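Reading through the C-alpha cells given below for one structure.
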Amino acid sequence: MRLPDEFEENNSGLTPAVLSAIVAVTLFVGAILVMVLLMNNQNKKSHVAVGKTTEESTEESSPVVSYPDTNSLISGSTLSPDDLDFWDKYPQPTQESTQDSKESKPSEPETETVPENDPATDGKHTMVKNRDGKEEWVLISPYLPKHEYDFTKLVRQSELMKYYEEGRQVSFVGADVSKYEDYVDFVKLKKAGLDFVMIRVGARGYGTGQLVLDEYFTDNIKRASDAGLDVGVYFSSQAVTVEEAVEEASMVLEALEDYKITYPVAFDMGFVENDKARIEDLSKSEKTEIAKTFLDTVAAEGYMTLIYGDKEWLIKEIDMSKLTAYDVWLSQMQDIPDYPYRFTMWQYTTSASVDGIAGYASLNVSFIDYSEK
C-alpha cells in the first residue's frame, strides 16, 4: 500500500515499512475483536431462546401458584401450636372399618379346581362296590380283553333288553331259574319273547359242603326243551379244593347225560348273604384255580362254558387273567353295565315281571347266539 504524500511530509520521522507494520497489526487486532463480538452476540441469542422456551414450557405444564409470605402468616396470629395440630381431624381406620371395606368389595368367583389324575375321569379306573358297601376305584388292567359294545344301541322293551347293530337285533333274551322260582310255565315264557333259559343243576351246601341236585332241575330241563327254548345250565359252587371242583363238575356232567343243551354250562361261586360261606378263607389264587378246574373239566367233555359273577367278584375275588379262555356271564343290576372287560351274557335284573314266572324273574341278555356255536 502506498501512503498519501501529505502523510509522509507531516510524519517524516516514520518510515514506510514501520507504518505498514502498524497498519497490519491494527487491522489484525480489529478483525479479532470483530469476531469475538460476533461470537458473544450469537451465544446471548441462544441463551435467551433456551430460557424463553423453558419458561414457556413451565408455564404451560404447571400453573403459577402465589404463596403468601411466611411472616404474614405468623405475625398477628392468635393460634397456638395445639391449634395447628389438624391430624386428629382424620381418625385412623379401625379393624372393623377395614373389615367392612373388604366385605363391601365384590368377591371374586371361586374357581373349582379339578384334581389331577382324578380316577373318576382319567379313563384308567373303574368303580367297584364291595359287599360291605364301601366303594373304591380299581385300576383297569391293560392286559385283559375289553368289551366293544356300544350301549347306545341297547333298547329296553317292557322288561326285555335288546341290542341292535345296523338296525338289526343281534341279542337274545333269557331267564335263569331254579327251585326258588317254583313252577315255571316255559310255554308262556316263550310267548313272552324269551329265547333261552339258564337252569340250575344243583349246588354244594355252603355250610355242610354236601352236593345236592336242584329239586326242579329234571322237570325244568324237560319242559323248557319241549317249549322250544334254548337251554343252558349253571352250578352253585362252594368247593374249597380242586378235588371238590372236579367232584362238582362230574355231578353236572352226569346230570346232563340224558339231555341236549344248546347254551353253556356256567360256574357260579360266591359269598352268602348274612352268613359265612365255606369259601370265605380262600385266597384269590385258590378261588381262581378251583374255577379253572371246574371249567376245564366240563370243557373237556365238549360243552361250552361260562364263569358267572358280579363286578366285585370278577375284578377282586378271582384272577381273570388266568381265565380268559372262558366266556363271562356278568351280573350287574343297572341300566348300563360298567364292567370294562369282555363279557357275552349280562344278568341285568332280578326283579322283573314276566308272564310264566309267578314272582320276580331274573332276566339276561346274551350278545351272541350260543345255539349257533
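The values are calculated or read from the model by the stated rules, or taken from the named source; none is laboratory data. Computed from a predicted structure; not experimentally measured. Backbone-built Cβ (ideal geometry, glycine too); neighbour counts: all protein chains shown.
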| field | Selection within segment 234-285 - β-branched (Val, Ile, Thr), in a helix (DSSP H, G or I) and under 23 Å from SER371 (Cα atoms) | value | VAL252
| query | at pLDDT 95 or above, surrounded by 19 or more Cβ atoms within 10 Å (Cβ to Cβ) and not β-branched (Val, Ile, Thr) - does that describe any residue in segment 257-265? | reply | yes
| said: If the requirement is being in contact (Cβ under 8 Å) with a residue 40 or more places away in the chain, hydrophobic (A, V, I, L, M, F, W, C) and farther than 26 Å from MET161 by Cα, which of these qualifies: LEU213, LEU229, LEU189, LEU194? | reply: LEU213
| query | Among strands (runs of 3 or more DSSP E) lying entirely in segment 136-209, which contain 3 or more residues that are among the polar types (S, T, N, Q)? | reply | none
| Restricting the first residue to segment 266-295 and requiring it to be closer than 19 Å to ALA249 by Cα, which pairs with a second residue that is assigned to a helix (DSSP H, G or I) and charged (D, E, K, R) meet a Cβ separation below 7 Å and a spacing of at least six or different chains? | MET269/LYS287; ILE279/LYS287; LYS287/GLU317; THR288/LYS322; LYS292/LYS322; PHE294/GLU248
| request: Would you check if TYR164 is in contact (Cβ under 8 Å) with a residue 12 or more places away in the chain and surrounded by 12 or more Cβ atoms within 10 Å (Cβ to Cβ)? | output: no
| said: Pairs please, first residue from segment 129-142 and within 15 Å of PRO119 (Cα to Cα), second anywhere and among the acidic types (Asp, Glu), Cβ atoms under 7 Å, 6+ apart in sequence or on different chains. | reply: LYS129/GLU135; LYS129/GLU312
